[in-house]
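J.: Below is one structure. I have some questions about it.
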Amino acid sequence: MTAPAASIHASAVLVGDLGAVLIRGPSGSGKSRLAFDILLAGRSGLLPPATLVGDDRIYVEARNGRLAVRPVPELAGLIEIRGLGIRKTVFAAEAVITLLVDLDAEDAERLPPPDALRTTLAGIELPRIPVARGFFALTLVVAALTTSPGYEPI
């Protein structure tokens, strides 16, 4: 089953074979900055090689129980880098979202409850990272992509 694609205000980066990180947040919250930080983490070896899917506006579409993301054609391969302006980079034409990051999230906590770490978008349940305003989100993204939960309450 396929739901129609919806255009949303967000950025997305494909991280190797781990899938795409979808980055949401209000204007000025650092979506483009986090997207570029993930690209740099992929170049430095901190994460698998990373490729931009889209910055600022993207299409998401539920397909066969997965959430696909692709760039809006007018913005494909473009990313805003504060202080440099709009820059060109290589991009992936499509990817499957495997992690959602919400910047400036009101429910961000030091030890979030399990339900805060999941969300549903277009009918598809996804792992979620709620990030507090001003927190350096890349560390959370790297941890989410390279570790697994290690504590199970008794």
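All of the numbers you see were taken from the coordinates with simple rules; none came from a lab. Since the structure is predicted, the reported quantities are computational estimates derived from the model, not experimental observations. Quick reminder, even Gly has a Cβ in these numbers, built from the backbone with ideal geometry, and neighbours come from all protein chains shown.
J.: Grab the DSSP H runs of the chain that are 4 residues or longer, score each as -39,500 (n - 2.57), total them, divide by all residues and round the 222 nm result to the nearest 500 deg cm²/dmol.
T.: That comes out to -5000 deg cm²/dmol.
J.: Hey, can you rank 96-106, 119-129 by average C-beta count inside 10 Å, highest first?
T.: The densest-packed peptide leads the list: 96-106, 119-129.
J.: Can you give me the relative contact order of the range 6-146 as a percent, contacts being Cα pairs under 8 Å and 6 or more apart?
T.: 24 percent
J.: Between GLU109 and LEU84, what is the spin-label point distance in nm, taking each point 7 Å from the Cα along the Cα→C-beta axis?
T.: 3.9 nm
J.: Let me ask something additional. Over all directions, what mean area does the Cα convex hull of the range 6-146 project, stated in square nanometres?
T.: Its average projected convex-hull area is 8.1 nm².
J.: Here's a follow-up. What is the magnitude of the charge dipole of the chain about its Cα centre, with +1 placed on the Cβ of each Lys and Arg, -1 on the Cβ of each Asp and Glu, and no other charges, expressed in debye to the nearest 20?
T.: 400 debye
J.: A follow-up question, please. Counting DSSP beta bridges in the chain, what percent are antiparallel, to the nearest 5?
T.: 75 percent
J.: Farthest toward the dipole's positive end in the chain, which of ILE81, LEU121, LEU18, given Cβ charges of +1 (Lys, Arg) and -1 (Asp, Glu) about the Cα centre?
T.: It is ILE81, whose Cα lies furthest towards the positive end.
J.: So how far, in whole Å, is the C-alpha centre of the range 98-154 from the one of the range 5-65?
T.: One Cα centre to the other: 15 Å.
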